[in-house]
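The values are calculated or read from the model by the stated rules, or taken from the named source; none is laboratory data. For clarity, every value in this text was computed on a predicted model and none was experimentally measured. Cβ sites come from the backbone with ideal geometry, for glycine too, and all protein chains shown count toward neighbours. For the accessible areas, the whole protein counts, side chains as well, though only heavy atoms, and no ligand, DNA or RNA atoms are used. Shrake-Rupley method; radii C 1.70, N 1.55, O 1.52, S 1.80 Å.
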Amino acid sequence: MEIIEDKLRELESIPYLGRYPKDFSEFWLESLRTDHRVTARLELERISYPIAKVEVFSATVLAGDEVELKGYYLRPALTANNTDGLGKREKIELSLDERVQSQLLPGIVRFHGYSGNRGQISELLLWALQGYAILALDVRGQSGETPDHRVYPSGSFSGWMTLGLESPRRHYFRQVYLDAVRAVAALANQSEVDERRIGCIGKSQGGGLAVAAAALTNTLGKEVGLRSQVKAVSAAIPFLCDFRRGYQLQSDGPLDELVWYFKLHDPEHRGEKEIFKTLDYFDTVHFAPWLGEEVSSLVSMGLKDTVCPPITIYALYRAIHGKKQLLAYPEYGHESPDEFVDRQIEFLAGVLGV
């Protein structure tokens, strides 16, 4: 433990470099109001799957800009005959029988890592078999079935970090964060899900999105008519925090796109101030206090991480006000040990009461 304790003392002494935008709250409230003019709903189609204890569906959520966000939705089987419909792919209307009306399911939204997608059904079984309803959607434009129809004012370096760097209103991650909130709202609107017991989980980019989605939902959600309440956040090796420090220290991963952007577009860094001013609107350190005192958070970091340097993750952890736990792994980089899943299972069960 001495190695970890020494490292945490070192991280505590390093200042955070981000700058909180003066209109941060107004910017996101206006964005949410625009995005949630139409109620978020899941459109589901049953998928044949040979495990009777769960029901598996392909899921679509219509985003605020009318892009169809594609993914999977799994839940514990709610019907008496769990094998009905296997072998068919059919549209269904979900309704509850009397047995489950008084026992709503806790829900989880799982966000994936940078350049990834919703993942495999088998990955989500872990949660559905425990008793959670779980939703996993593609991040728009990345490696899933969800497109990104937005038009950006200029070109970018390979990837998504530099799309729309000219302003926060045009930046790629503005709509991605709004999509993340919409995923939480859509899950909470399922009649079998308890909207007061929602968890947001993810790794890397997914960890950052879990924080942003939960924070926006809990602090500004009521202003736009959302009824959901996130109670638990699990952010493993989270990305999207302390961009300035991350840019200085990274040697791999998405922030390297900024390095190449400057090399090719602005080698003298004349636009550096404005670029990081844009990214400040998406720094999850600024969202962390919005999680609220009632939220429990589990954060992990690898002390040899060169993609999301430990100081950036520690800045996020330090900004969280509610009950929180930090897991630090000295031998790990941008990865999580197998034991983290067990810690995550224990954490979510304790908070969401599955």
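Normalised by the number of residues in the chain, the mean separation of alpha-carbon contacts (under 8 Å, six or more apart) gives a relative contact order of 17 percent. Shown in residue order for the range 166-181 are the 3J(HN,Hα) couplings computed by the Karplus curve 6.51 cos²θ - 1.76 cosθ + 1.60 at θ = phi - 60°: 5, 7, x, 5, 9, 5, 3, 6, 4, 6, 4, 5, 5, 4, 5, 5 Hz (x for Gly and Pro).
Rg and Dmax of the range 155-272, both derived from C-alpha coordinates alone, stand at 16.7, 55 Å. Charged side chains reduced to their Cβ positions (Lys and Arg at +1, Asp and Glu at -1) give the chain a dipole of some 560 debye around its Cα centre. Put the Cα centre of the range 308-338 next to the Cα centre of the range 222-238 and the gap is 19 Å. One Cα centroid belongs to the range 7-43, the other to the range 122-184; the line between them spans 15 Å. With all protein chains in place and a 1.4 Å probe, the accessible surface of the chain carries 47 percent carbon and sulfur. Equivalent ellipsoid of the range 112-206: semi-axes from √(5λ) of the C-alpha gyration tensor, largest first, are 29, 15, 10 Å. Projecting the Cα atoms of Gly199, Phe27, Leu255 onto the charge dipole of the chain, computed from C-beta unit charges around the Cα centre, puts Phe27 farthest toward the positive end. As a rough guide to protection, the peptides 60-68, 207-215 ranked by mean Cβ packing within 10 Å, highest first, stand as 207-215, 60-68. A straight Cα-to-Cα reach below 17 Å connects Lys304 with the lysines Lys7, Lys203, residues fewer than 8 places away in its own chain not being considered. Surface exposure of the range 193-247, expressed per residue as accessible area with a 1.4 Å probe, stands at 24 Å². In the range 237-354, taking the dipole from charged Cβ atoms about the Cα centre, the farthest positive-side position among Cys308, Pro267, His286 is held by His286. Simple rule: put +1 on each Lys or Arg Cβ and -1 on each Asp or Glu Cβ in the chain, find the dipole, and look at Val354, Leu42, Leu11; the Cα lying farthest toward the positive end is Leu42. Counting only DSSP beta bridges with both residues in the chain, what percent are antiparallel, rounded to the nearest 5? Beta bridges within the chain, antiparallel portion: roughly 40 percent. Give me P(r) over the range 195-340, computed from all C-alpha to C-alpha distances, binned every 5 Å, as integer percentages. Distribution as computed: 2, 10, 19, 21, 17, 13, 9, 6, 2, 0 percent. Suppose a student asked you for the relative contact order of the range 266-354, using Cα pairs under 8 Å spaced at least 6 residues apart; what percent would you report? About 31 percent, as a whole number.
Dimensions of the chain along the principal axes, based on C-alpha atoms and rounded to the nearest Å, stand at 65, 50, 35, largest first. Take 246-253, 71-78 and order them by the average number of nearby Cβ atoms within 10 Å per residue, most first; the result is 71-78, 246-253. Sorting the segments 4-15, 117-128, 163-174, 307-318 by their residues' average number of neighbouring beta-carbon atoms within 10 angstrom, most packed first, yields 307-318, 163-174, 117-128, 4-15.
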